[in-house]
Amino acid sequence: MREDLTYPGNRELASSRMRLGILSGVAVVVGIVTGLWMKPVVAALFGWDFLSAAYIVWTWLGARRLDPAATRRLAVSEDPGRAGFDILLLAASVASLAGVGIVIEAGGSRGRGGQDLAAGLAVASVVLSWSLVHTVFTERYARLYYSEPVGGVDFNDPEPPNYVDFAYLAFTIGMTFQVSDTSLSRKTIRATALRQALLSYLFGAVIIAATINLLAGLPR
């Protein structure tokens with residue numbers, strides 16, 4: 001059966017692979033242009049930050065308006081493959097750690113203006129990477145929930161979940177390293193939650209390290 005292009009999920013959101021392809025191409029251009037007058041690592045972070053911010057905005061501008069039926073259809077057909085999912089998470093982790101490295105380098109080898117720029121870029125990289133990771137986990141939970149047999153998360157709501165519900169689950173784990181009032185009854189979803197909690201703990205450690213370095217670099 002031919003896809004109905006007027007359906008909200010198909011009209012408002014392109015496939016995840018298409019999104020990543022388009023945004024990755026633009027991010028490379030951003031990195032190359034920035035690299036004409038900045039160091040390669042800084043240019044790479046600018047490109048990464050663009051990719052992260054654009055992916056997050058593109059995803060949520062459409063997903064936040066989808067009802068449960070549209071969420072189910074989109075989740076099953078649009079979620080990235082497992083390999084792409086893991087690569088995206090790894091890239092986010094590396095980018096955040098690179099951001100902290102820039103903060104450390106800026107503390108002793110640059111003037112005040114350079115320190116401020118490096119610190120701001122590092123903080124932006126960590127925040128955007130953190131947000132991207134949990135956005136991807138939101139998509140992953142939706143995919144797992146709506147795969148047959150449907151279910152695996154009890155949201156204590158008679159209405160089927162939409163992307164906002166899955167974001168609630170993903171960002172709660174991202175901020176607290178645990179679920180709150182949602183019960184996970186499927187092994188694959190619990191395993192995904194465990195991976196997310198461990199990755200979130202790593203991000204927490206990076207954020208603390210970045211904060212300490214920023215405070216240490218403040219003028220006395």
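For this structure, a couple of remarks:
- Within the stretch 180-193, residues that are over 13 Å from Ala170 (Cα atoms) reach partners that are assigned to a helix (DSSP H, G or I) and modelled with pLDDT under 95 with beta carbons closer than 8 Å, at six or more positions or on different chains, in the pairs Arg186/Leu144; Thr188/Leu144.
- Top-ranked residue in the stretch 32-71 [being closer than 16 Å to His134 by Cβ and among the hydroxyl-bearing types (Ser, Thr, Tyr); ranked as surrounded by the fewest Cβ atoms within 10 Å (Cβ to Cβ)]: Thr59
- If you filter the stretch 15-40 down to residues that are farther than 20 Å from Ile87 by Cβ, assigned to a helix (DSSP H, G or I) and of a type outside the set (Ser, Thr, Tyr), you find that the one that is nearest to the chain's Cα centre (by Cα) is Val29.
- Residues of the stretch 140-185 that are of a type in the set (A, V, I, L, M), closer than 17 Å to Leu198 by Cβ and assigned to a loop (DSSP other than H, G, I, E, B): Val179 alone.
Okay, residues lined up against (1) within 21 Å of Gly31 (Cβ to Cβ); (2) surrounded by fewer than 24 Cβ atoms within 10 Å (Cβ to Cβ); (3) under 21 Å from the mean Cα position of the chain (by Cα); (4) modelled with pLDDT of 95 or more:
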{"position": "Gly113", "(1), (2), (3), (4)": "no, yes, no, no"}
{"position": "Gly120", "(1), (2), (3), (4)": "yes, yes, yes, no"}
{"position": "Ser125", "(1), (2), (3), (4)": "yes, no, yes, no"}
{"position": "Ser129", "(1), (2), (3), (4)": "yes, no, yes, no"}
{"position": "Arg143", "(1), (2), (3), (4)": "no, yes, yes, no"}
{"position": "Ser147", "(1), (2), (3), (4)": "no, yes, no, no"}
{"position": "Gly151", "(1), (2), (3), (4)": "no, yes, no, yes"}
{"position": "Phe155", "(1), (2), (3), (4)": "no, yes, no, yes"}
{"position": "Pro160", "(1), (2), (3), (4)": "no, yes, no, yes"}
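The values are calculated or read from the model by the stated rules, or taken from the named source; none is laboratory data. Remember, it's a predicted structure, so these values are computed and weren't measured experimentally. As a convention, Cβ positions derive from the backbone with ideal geometry for all residues, glycine included, and neighbour counts pool all protein chains shown.
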